[in-house]
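Read the structure below first, then the notes.
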Amino acid sequence: MHLRKFRSGVPALVGVIVLLLSLSALAAGAAAAAYPLTLQDDAGRTVTLPAEPVRVVSLVPSLTETVCAIGACDRLIGVDDYSNYPEHVRALPKLGSLYNPVPERIVALKPDLVVLSKYDSVLQVLAQAGLTVFVMRSETFDDIFRNLETLGVLLNEQAQARQVAESLQREMERLEELAHSDPERPAVYYEIDPTPYSAGPDSFIGVMISKAGGRNVVPARLGLFPRISPELVIASDPDVIILGDAPYGETPARVAERPGWAGLAAVKSGRVVALNAAQVDVLNRPGPRSVEALRLLVEILHPALRDELERP
């Protein structure tokens, strides 16, 4: 999902069980899909694909990356404005953003499958135009693996989806173990927007902060991607502030100028981290590059482990 506007207290054992269940489902579905194929999407709709999709439109960057990761990049015929990875998709027709899609362009491409977010306003228009539309949620850590499984089934790429999931699981486990070898558990504030919007502990970003050995200062009760008060940040006094809005103009200097923020531990110690646009893309997309996001977070929160991160 594009997170411009918008717990981890999950015990390690529970996280492993969830991943194993997901992988078991992938293994069970490794046989070739039989079409017509009927599945329920994340909007509760029953969707039937009459044949294996060969002309696919993705309107969510993380789903675009997942389609490519499972070996179906050549089936993409159009993507949303923010899909920019891998390189192949940059040349594809751009079809608008989450809040400003261009249905006429999508319909004109004659896709046989459109995957989009449950927040996308173009769903009804595309469905009424006779297109096969599948809604997918991309908000939690589990959605990373669930979407891999679902797209593997939809596109008849179950074996490749299983391989990607297993690879992600292995490397994430290694990184989490490495992060937790450092006894430091810094309090972390991740800023999506200076309003401020942040990422709650139960969001995919929040879970990865926990896996990286951090403590999210945002209470879980506020939701996945809540708008919070500056006073909450001041009261929590984070050890590390990560600016996911740095590509849009926020800087450590501007943070220090906010009323009451100059005295925060993160500001005084120089641990206000301004991410670049590529890093924000990696962190804000719950897809196959989430392992890179976890590696980045471990490096930010535990700089002494940097050399260990480079080991395979």
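A few remarks follow.
- Among the residues of the range 53-78, just one is surrounded by fewer than 17 Cβ atoms within 10 Å (Cβ to Cβ) and either among the acidic types (Asp, Glu) or modelled with pLDDT under 95 (or both), namely Asp74.
- Qualifying residues in the range 98-119 (those that are under 16 Å from the mean Cα position of the chain (by Cα) and of a type outside the set (A, V, I, L, M)) - the one modelled with the highest pLDDT: Ser117
- Check on Leu232, at pLDDT 95 or above and either assigned to a loop (DSSP other than H, G, I, E, B) or under 16 Å from the mean Cα position of the chain (by Cα) (or both): no
- Residue within the range 263-281 that is in a helix (DSSP H, G or I), touching a strand residue (DSSP E or B) at 6+ places or on another chain (Cβ under 6 Å) and open to solvent by 20 Å² or more (accessible area, probe 1.4 Å) present: no
- The single residue among Pro259, Pro286 that is modelled with pLDDT of 95 or more, in a loop (DSSP other than H, G, I, E, B) and touching an Asp or Glu at 6+ places or on another chain (Cβ under 9 Å) turns out to be Pro286.
- Residues that are out of contact with any Pro (no Cβ under 7 Å at 6 or more places or on another chain) and within 25 Å of Leu296 (Cβ to Cβ) were ranked within the range 234-243; the one that is most open to solvent (accessible area, probe 1.4 Å) is Asp237.
- Number of residues in the range 40-51 that are surrounded by fewer than 17 Cβ atoms within 10 Å (Cβ to Cβ) and among the charged types (D, E, K, R) equals 1.
- Filter pass, Pro219 being within 24 Å of Arg146 (Cα to Cα) and open to solvent by less than 50 Å² (accessible area, probe 1.4 Å): no
- Which listed residue is open to solvent by less than 70 Å² (accessible area, probe 1.4 Å), part of a loop (DSSP other than H, G, I, E, B), of a type outside the set (Ser, Thr, Tyr) and farther than 22 Å from Gln160 by Cβ, from Asp81, Asp120: Asp120
The values are calculated or read from the model by the stated rules, or taken from the named source; none is laboratory data. Keep in mind the model is a prediction, meaning the values are calculated, not measured. Every residue, glycine among them, receives a Cβ derived from its backbone with ideal geometry; neighbour counts consider all protein chains shown. For accessibility, only protein heavy atoms count, side chains too; no ligands or nucleic acids. Shrake-Rupley method; radii C 1.70, N 1.55, O 1.52, S 1.80 Å.
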